[in-house]
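Structure, as structure tokens:
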Amino acid sequence: MTSTLRPAAAADRPVTGADAPRRRGPDTPPDWFLTLVSVLVVLLVVTQRIGVPVGDEPVSIALVLAYAFAGVSLAGRLLTVSRVRAGLYTVAVSAVLLTTATVSWLGWGADFSMSSLWLLIVIYLPWVLRVRDPYGAAVVARAGRTFIWTMLVLAVVGVVQLASQFAGVWSWEDHLGELVPGDYLVPGYNFTNELTYGNPIRKATGVVLLEPSFLSQFCALAILIGIMLRVRAWKLLVLAAGMGAAVSGTGLVMLGVGGVLLLLRAPHRLRIGYVAVAAVVPVVILQSPVGEYFLARDDELTNENTSGYSRFVAPFDEVWNGLLEEPIRFLVGNGPGSVTRVLLSLDNGGVDVNYSVLPKLALEYGILAGGLFLVFLVLAVVDRAPWRVVPATMVFMALLLSGALLQPQTAYIVWLLSGIGASDRPADLPWARRGRVRTG
């Protein structure tokens with residue numbers, strides 16, 4: 001019997017791409033860990049509305065899932081602490097604790113919430129962790145592929161939700177709300193969002209997502225990840241349909257930001273099929289039954305009764321006026337959780353104002369402490385991340401679109417698609433490019 005042996009050089013050469021063998025390579029973590037990553041991604045998306053009763057209202061189950069994942073991964077020696085991020089986190093947390101103590105000493109304690117402070121500290125603690133080298137890129141790629149497939153399913157569900165209402169074969173029902181007791185549902189989100197005031201048709205949420213805007217943003221994020229992973233064009237088409245079913249402009253804004261970054265940072269990732277999808281989708285959406293609702297939103301930034309105004313204009317205007325009202329707030333803020341108590345909001349007898357990360361940090365912790373925490377958040381996402389384009393787009397999403405600093409559902413998705421995969425190579429930042437070889 002004879003056998004054919006490969007030359008040693010060929011045997012040692014790594015095989016990548018579609019022809020890669022299924023066996024684990026030196027840059028791939030154990031299969032059980034990749035499976036755990038996939039399970040966490042799916043659960044973070046589909047359990048967005050589920051909470052664990054703690055105190056007056058439930059806390060997102062995403063917090064429990066992330067800590068369980070971190071505990072198992074640390075025990076398996078697959079996660080390690082990033083010293084840079086841990087240092088930044090320590091400095092930032094120390095700063096917010098100091099400003100909170102100062103605000104309490106000044107007698108403003110009635111306006112702030114200590115639970116908000118503890119949530120801030122607890123939610124972002126896992127962000128100091130990263131996968132041990134050289135597994136980071138493989139872990140983020142697995143998280144990205146799982147996220148795409150998860151959003152493909154929810155995009156189809158969202159399209160069915162909206163189309164069946166237009167066809168008159170189904171009326172909006174909150175099936176998840178009927179199955180899960182109210183004490184275990186995360187409050188404070190506009191789950192049943194009408195197309196227009198008084199219209200019985202509701203925007204799609206994919207059943208399990210918190211709001212239509214989440215379906216829109218997550219579909220847009222999945223499209224960008226799909227381009228980076230070079231998935232088939234039909235998947236982008238389905239995701240775009242899901243984004244349209246949400247009838248929310250946030251996904252379009254996010255896709256616009258990501259598209260510009262793609263052209264600047266990774267134009268080689270674009271394929272003819274992707275360009276064709278980009279050309280066809282806007283035409284199809286505008287010619288569909290929801291087209292008129294997108295076109296009717298041309299006054300989003302000027303009309304005080306629109307979601308765009310409450311997200312991009314009102315919070316910054318309110319926070320700026322709030323800082324000017326008490327100039328010492330520039331230095332120490334007004335205390336954790338106080339933004340909706342002292343400024344215009346539904347909780348304060350006003351209208352809905354979406355205080356995103358930037359205005360919330362500034363008003364509650366001041367420019368210095370809030371700025372330090374912002375530096376930690378941004379660097380934890382973009383510094384040494386495996387991909388181009390996606391981390392920077394997620395920074396934009398987290399800071400301006402997702403709408404909440406204390407939103408673990410989004411925080412851990414961002415972590416799994418960026419910071420968890422940070423490596424020891426030079427940071428993927430504009431000032432760190434000189435002398436580097438382009439890798440994707």
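The values are calculated or read from the model by the stated rules, or taken from the named source; none is laboratory data. No experiment lies behind these values; they were computed from the predicted model shown. Cβ: placed from backbone, ideal geometry, glycine included. Neighbour counts: every protein chain shown.
Tell me which residues, restricted to the stretch 174-225, are out of contact with any helix residue (DSSP H, G or I) (no Cβ under 6 Å at 6 or more places or on another chain), in a helix (DSSP H, G or I) and hydrophobic (A, V, I, L, M, F, W, C).
Those that are out of contact with any helix residue (DSSP H, G or I) (no Cβ under 6 Å at 6 or more places or on another chain), in a helix (DSSP H, G or I) and hydrophobic (A, V, I, L, M, F, W, C): L176, L179, F214, L221.
Taking the options L261, L295, name whichever one is surrounded by 13 or more Cβ atoms within 10 Å (Cβ to Cβ) and either under 26 Å from the mean Cα position of the chain (by Cα) or within 25 Å of T393 (Cα to Cα) (or both). Steps first, answer last, please.
On the way: L295 fails: surrounded by 13 or more Cβ atoms within 10 Å (Cβ to Cβ).
Sole residue among the options that is surrounded by 13 or more Cβ atoms within 10 Å (Cβ to Cβ) and either under 26 Å from the mean Cα position of the chain (by Cα) or within 25 Å of T393 (Cα to Cα) (or both): L261.
Please verify whether the stretch 81-93 includes one or more residues that are touching a Leu at 6+ places or on another chain (Cβ under 7 Å), surrounded by fewer than 15 Cβ atoms within 10 Å (Cβ to Cβ) and over 30 Å from E326 (Cα atoms).
Checked the stretch 81-93: at least one residue is touching a Leu at 6+ places or on another chain (Cβ under 7 Å), surrounded by fewer than 15 Cβ atoms within 10 Å (Cβ to Cβ) and over 30 Å from E326 (Cα atoms).
Just to check your reading of the model, which residue among A427, A392, A398 is of a type in the set (G, A, S) and either more than 12 Å from the chain's Cα centre (by Cα) or at pLDDT 95 or above (or both)?
Working: A392 fails: either more than 12 Å from the chain's Cα centre (by Cα) or at pLDDT 95 or above (or both); A398 fails: either more than 12 Å from the chain's Cα centre (by Cα) or at pLDDT 95 or above (or both).
Just a single option satisfies the conditions, and that option is A427.
Within the set of pairs 6+ apart or on separate chains, which have a first residue in the stretch 235-264 that is on the phi > 0 side of the Ramachandran plot, a second that is among the aromatic types (F, W, Y) and assigned to a helix (DSSP H, G or I), and C-beta atoms under 9 Å apart?
Listed pairs, sorted by first residue: V247/Y293; V247/F294.
Among the residues of the stretch 52-74, is there at least one that is surrounded by fewer than 20 Cβ atoms within 10 Å (Cβ to Cβ) and polar (S, T, N, Q)? Lay out the reasoning, then the answer.
In the first step, residues of the stretch 52-74 are kept if they are surrounded by fewer than 20 Cβ atoms within 10 Å (Cβ to Cβ); the result is 52-59, 64-65, 67-68, 70-72, 74.
Narrowing the set further to residues that are polar (S, T, N, Q) leaves none.
Within the stretch 52-74, not a single residue is surrounded by fewer than 20 Cβ atoms within 10 Å (Cβ to Cβ) and polar (S, T, N, Q).
Against the conditions (1) of a type outside the set (D, E, K, R); (2) surrounded by fewer than 19 Cβ atoms within 10 Å (Cβ to Cβ); (3) within 30 Å of L185 (Cα to Cα); (4) modelled with pLDDT of 90 or more, where does M114 fall short? Just the number, please.
It fails just one condition, (4).
Return only the number of the condition from (1) part of a helix (DSSP H, G or I); (2) more than 30 Å from A143 (Cβ to Cβ); (3) modelled with pLDDT of 90 or more that V169 does not satisfy.
(1)
Could you list, ordered by first residue, the pairs with Cβ atoms under 6 Å in which the first is in the stretch 298-319 and at pLDDT below 85 and the second is of a type in the set (G, A, S), at least 6 apart or interchain?
E300/G308; L301/G308
Looking only at helices (runs of 4 or more DSSP H) that fall completely inside the stretch 31-149, which ones have 3 or more residues that are without any contact (Cβ under 8 Å) to a residue 12 or more places away in the chain?
Hits in the stretch 31-149: 31-46, 61-75, 83-105.
Cβ-Cβ distance below 6 Å, separation of 6 or more or different chains: which pairs start in the stretch 375-386 with a residue that is charged (D, E, K, R) and end on one that is buried (at least 24 other Cβ atoms within 10 Å of the Cβ)?
Taking only residues 6 or more apart or on different chains, the pairs are R384/A422.
Just checking, how many residues over the stretch 117-176 are buried (at least 19 other Cβ atoms within 10 Å of the Cβ) and of a type in the set (S, T, N, Q)?
Result for the stretch 117-176: 4.
Do the conditions hold for L154, that is, is it modelled with pLDDT under 90, on the phi < 0 side of the Ramachandran plot and hydrophobic (A, V, I, L, M, F, W, C)? Walk me through how you get there before you give the answer.
Numbers: modelled with pLDDT under 90: no; on the phi < 0 side of the Ramachandran plot: yes; hydrophobic (A, V, I, L, M, F, W, C): yes.
So L154 does not fit the description; no.
Restricting to the stretch 382-392, name every residue that is of a type outside the set (F, W, Y) and either surrounded by fewer than 24 Cβ atoms within 10 Å (Cβ to Cβ) or not in a helix (DSSP H, G or I) (or both).
Correct list: V382, D383, R384, A385, P386, R388, V389, A392.
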